[in-house]
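Below: the structure, in structure tokens.
The values are calculated or read from the model by the stated rules, or taken from the named source; none is laboratory data. Owing to the predicted nature of the structure, the values given are computational and were not obtained by experimental measurement. Cβ placement follows ideal geometry from the backbone for every residue including glycine, while neighbour counts extend to all protein chains displayed. Heavy atoms of the whole protein, side chains included, go into the accessibility calculation; ligands, DNA and RNA do not. Shrake-Rupley method; radii C 1.70, N 1.55, O 1.52, S 1.80 Å.
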Amino acid sequence: MRAIWKGAVSFGLVSIGVKLYSATEEKDIRFHQVHREDGGRIRYKRTCSVCGEEVTYDDIAKGYDIGGGEMVILTDEDFADLPLTSSRAIDVLEFVPAEQVDPILYNKAYFLEPEGTATKPYVLLRDALIDSERVAIVKVALRQREQLATLRVREGVLLLNTMLWPDEIRTPDFGFLDEDLKVRPPELAMASSLIDSMTGEFEPDVFTDDYRAALQEVIDAKVEGREVVQPEEVEEAPAAAVDLMAALKASVDRARAARGEQPARGGGGEPTPISSARSAQKTAEKKATKAPAKKTAEKKAAEPAKKTAARKTPAKKAEPAKKTTARKTAPRKSA
């Protein structure tokens, strides 16, 4: 990386010499405008709209349009008297909790590296910010403009985040904000369930710019002279659901199915494609388990019947009774 600015962090009576490096870079694929016939670069000339002559940079001044076709021209002397600090200092104004700074204010990020013998006070400020769990609100002059910024710690390095001024943040003015729209508690509960089912740990490396990768593939194919392969078509988004509750429930079931979890029970509403498929699967499983259960019940019922029949069959015990009757009637015959 190449340092784009050198200065010092003014922390009370402590001055910390630092170098400034851009912490981010754009990965967009850039193109030149060329002539379709021969690939020649397209050039633009700076011409005056009044006299039509080509103008060099030395003859260009800054003009402010006040309307009605009138223009106020400002020279270098006009800018020289402006209260823009040229001390190359990052002045610490105060320390605030990080959560009090709205992320919408953040603009661009820069790394700060200690310069020369400033390593020890640099580390001191870094560790103090970590212990206090606060960020420093600072002012700095970059690119001929005074900017509000924050100093915080990221991966052991001081990070300068330039900020927009409060009057640069637009106020949302949309018609639906004035409408009295009410959300039903079941819908809110289902939406919360959907959020819970999709909750995870943020890992930035998981997400990629698919469009840029596909565009680079096209460019590489052109360079190598091979056939250009069309990228796979993106799956079309589902049509807007009329029933908000059913759409939320289907979304929750799909998110849980992706994680291998069971779908939410209850909730009512019409069955979704996911819930219908799972109901059919459960019905098939129940039918498959009924047949073995029925055979087992028949076996259990047959065993007591056999035992009862076996108990009722001792007929041989009745023979002694016949012999006794014969002995009692014999004397009558002899008389």
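Data table
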{"quantity": "Residue 184 being over 25 Å from the mean Cα position of the chain (by Cα) and under 21 Å from residue 23 (Cβ atoms)", "calculated": "no"}
{"quantity": "Enumeration of residues in region 138-149 that are open to solvent by 20 Å² or more (accessible area, probe 1.4 Å) and either among the polar types (S, T, N, Q) or within 18 Å of residue 14 (Cα to Cα) (or both)", "calculated": "139, 144, 147"}
{"quantity": "Enumerated strands (runs of 3 or more DSSP E) restricted to region 60-128, each holding at least 3 residues that are open to solvent by less than 70 Å² (accessible area, probe 1.4 Å)", "calculated": "89-97, 106-114"}
{"quantity": "Residue 196 vs. criteria within 15 Å of residue 95 (Cα to Cα) and open to solvent by 70 Å² or more (accessible area, probe 1.4 Å)", "calculated": "no"}
{"quantity": "Within region 43-59, tally of residues that are within 30 Å of residue 31 (Cβ to Cβ), open to solvent by 100 Å² or more (accessible area, probe 1.4 Å) and in a loop (DSSP other than H, G, I, E, B)", "calculated": "4"}
